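Data first, discussion second: the structure below is written as structure tokens.
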Amino acid sequence: MAKRNEEFVTHIASRTEDFPQWYTDVIMKTDMVDYSDVRGCMVIKPYGYAVWENIQHELDRRFKETGHKNAYFPLFIPEHLLQKEKDHVEGFAPEVAWVTHGGSEELQERLCVRPTSETIICSMYSRWIQSYRDLPILYNQWANVVRWEKATRPFLRTMEFLWQEGHTAHATSAEAEAETMTMLEVYRSFMEDFLAIPVICGRKSDKEKFAGAVATYTLEAMMQDGKALQMGTSHFLGDHFAKAYDITYLSREGKLEYCYTTSWGVTTRMIGGLIMTHGDDRGLIFPPKVAPIQLVILPIAMHKEGVLDKAYELKAQLAAAGIRVECDDSEQSAGWKFNEWEMKGVPLRLEVGPKDIEKREVVIVRRDNHEKSFVPMENLVDFVKSMLDTVQVALYNRALALREARVSVVHNTDELNARVQDGFAKAMWCGNRECEDKIKAATGATTRCMPFNHEPVGETCVCCGKKATAVTYFAKSY
RNA sequence: CGGGGCGUAGCGCAGCUUGGUAGCGCGUUUGGUUCGGGACCAAAAGGUCGUGUGUUCAAAUCACAUCGCCCCGACCA
């Protein structure tokens, strides 16, 4: 019956032959999203939104563990507030949506729909912060933002998207820098442990950094087509915003000082990263920790005496153990269900039929490698728990191996150009914008980041041959 | 914003070159047999061919315009 499967996979494009088409096919056919009547905006359907909810719960827990509190700021920002930080407004102005009318009346001052909230939040911080005793302020908000993008793709770039944005204010530069690094590490461990996506952490070039930041730190992941996806960023804003928005405090010594601020965010784009990191030609593969459904029960010959009852009993047992489990008792053939749930990326499948009930066992099949186990019913919960952990780790290791196979050190632009066709080039760079632009024009690749604690891989710039200052990753990116 | 592709039943598509009764597959509905890798038989429902204007006795088909979507590039935390 292998032939049937080949017919099935023609329903979604092959990811090696047409990766973009594969991506679109998979998210549409698994019912994660739908296009809407608004250009560039998507509907996140329940199966997709469940992934976001799992991400939110886990990140929110980690934010609170590191001392942050949630708040909510307005969607609208008056134009005069946006104008105050020069680099920031220059960076965002081209993609801002404006509200000009309330009902039929024209507004005296236009309102911007937030593309990010530094401006409105900093203006509030300037009111709330008077003394060193008010610091630090460690707030986060879960919100939607709007950026008027010209080209969009579901999850990866949409005009409206969901995210969290942390905004903190500190007494000293060192404290704010430490916060920037703390949150980068929160993101790194979340992405690697929870999403099973290996990331490369490092600093962005001046060209690529956040508009208005002193320094931007990023987490870069490699997708299966070798392109980079920026999974999240953490910004050290120095005193730029504090000066623009007049956030000052009276120090212990009685001196008026400017604050130092940070901001950090991750978005629904991570869901796109999840899909493009783990999926295969049969569809999605979710790491167990983030999977909307961790195990699906498929009753075989379910109209035979006792099969459905046993399936429901096993479901209750697994649910009671905290496993996200579903039982598919719909009127479809078993074969159809196998393919459907594989496409939807459920990490484990449990088959139970008359033969199994007789032997007091069930069949468990892994989504990632199709390995089949026969498990005695009395060991079920323990087996499933440990198998979910095994799959979680296996997916991370597979993604890491794939990335390592496609990263290499390059010493000239020809090598760099060849490498970035399907992977990351690691090279020395002089740090000058001219070389960065030249490489972009010649190869389509941009600087992704300058990683921490990497040994130099040479002494001269891959482009100009002058003295190099930093190890840098170059790649084509989303 | 540039280049390419596409809008026909819920979904995927054919039909357009050479104008003349709206087609196929999947899904859906009804009944029956099935069920361990996308089952089978029988019957049925489902369409202002993206939109507008024009050419014509006649337009899904030709022309012009327009809207939308997808991919590549440019641009972009």
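A few notes on this one:
- Given (1) at pLDDT below 95; (2) within 30 Å of A:Asp281 (Cα to Cα), number of the condition A:Leu219 does not satisfy: (1)
- Scan of region A:271-310 for residues that are in a helix (DSSP H, G or I) and away from RNA strand B (no atom under 12 Å from the Cβ), ordered by number: A:Ile271, A:Gly273, A:Leu274, A:Ile275, A:Thr277, A:His278, A:Asp309
- Out of A:Glu149, A:Glu253, A:Glu179, sole residue that is in contact with a Ser or Thr (Cβ under 8 Å, 6 or more places away or on another chain) and outside any helix (DSSP H, G or I): A:Glu149
- Summed over region A:227-250, residues that are in contact with a Leu (Cβ under 9 Å, 6 or more places away or on another chain) and not in a strand (DSSP E or B) total 1.
- Residue in region A:26-48 that is at pLDDT 85 or above, within 10 Å of RNA strand B (Cβ to nearest atom) and charged (D, E, K, R) present: yes
- Candidate set: region A:311-322, residues that are crowded, with 19+ Cβ neighbours inside 10 Å and of a type outside the set (Gly, Ala, Ser); chosen: the one nearest to RNA strand B (Cβ to nearest atom): A:Leu314
- In region A:142-162, the residues that are buried (at least 18 other Cβ atoms within 10 Å of the Cβ) and over 17 Å from A:Ile271 (Cβ atoms): A:Val146, A:Arg147
- If the condition is being surrounded by 16 or more Cβ atoms within 10 Å (Cβ to Cβ) and either charged (D, E, K, R) or closer than 20 Å to A:Glu342 by Cβ (or both), then region A:25-45 contributes A:Asp25, A:Val26, A:Ile27, A:Thr30, A:Met32, A:Val33.
- The C-beta contact set for region A:254-273 (first residue without any contact (Cβ under 8 Å) to a residue 24 or more places away in the chain, second residue assigned to a strand (DSSP E or B), distance under 7 angstrom, 6+ apart or interchain) comprises A:Leu256/A:Thr248; A:Leu256/A:Leu250; A:Tyr258/A:Thr248.
- Residues of region A:242-258 include none that is crowded, with 19+ Cβ neighbours inside 10 Å and within 14 Å of RNA strand B (Cβ to nearest atom).
- Being touching a residue at least 60 places away in the same chain (Cβ under 8 Å), in the same structural domain as A:Val146 (by TED's automatic domain parsing) and hydroxyl-bearing (Ser, Thr, Tyr) holds for only one residue in A:Tyr49, A:Tyr72, and it is A:Tyr72.
- Among the residues of region A:419-451, those identified as closer than 22 Å to A:Leu402 by Cβ and among the hydrophobic types (A, V, I, L, M, F, W, C) are A:Val420, A:Phe424, A:Ala425, A:Ala427, A:Ala445, A:Cys449.
- Matching strands (runs of 3 or more DSSP E) fully within region A:18-131 where at least 1 residues are among the hydroxyl-bearing types (Ser, Thr, Tyr): A:33-35, A:97-102
- Considering each residue of region A:134-141 in turn, none proves to be under 30 Å from A:Lys440 (Cβ atoms) and surrounded by fewer than 23 Cβ atoms within 10 Å (Cβ to Cβ).
- Annotation: of all residues in region A:315-336 being among the small types (Gly, Ala, Ser) and under 12 Å from A:Lys385 (Cα atoms), the one that is nearest to the chain's Cα centre (by Cα) is A:Gly322.
The values are calculated or read from the model by the stated rules, or taken from the named source; none is laboratory data. Computed from a predicted model, the values in this text were never measured in an experiment. Every residue, glycine among them, receives a Cβ derived from its backbone with ideal geometry; neighbour counts consider all protein chains shown.
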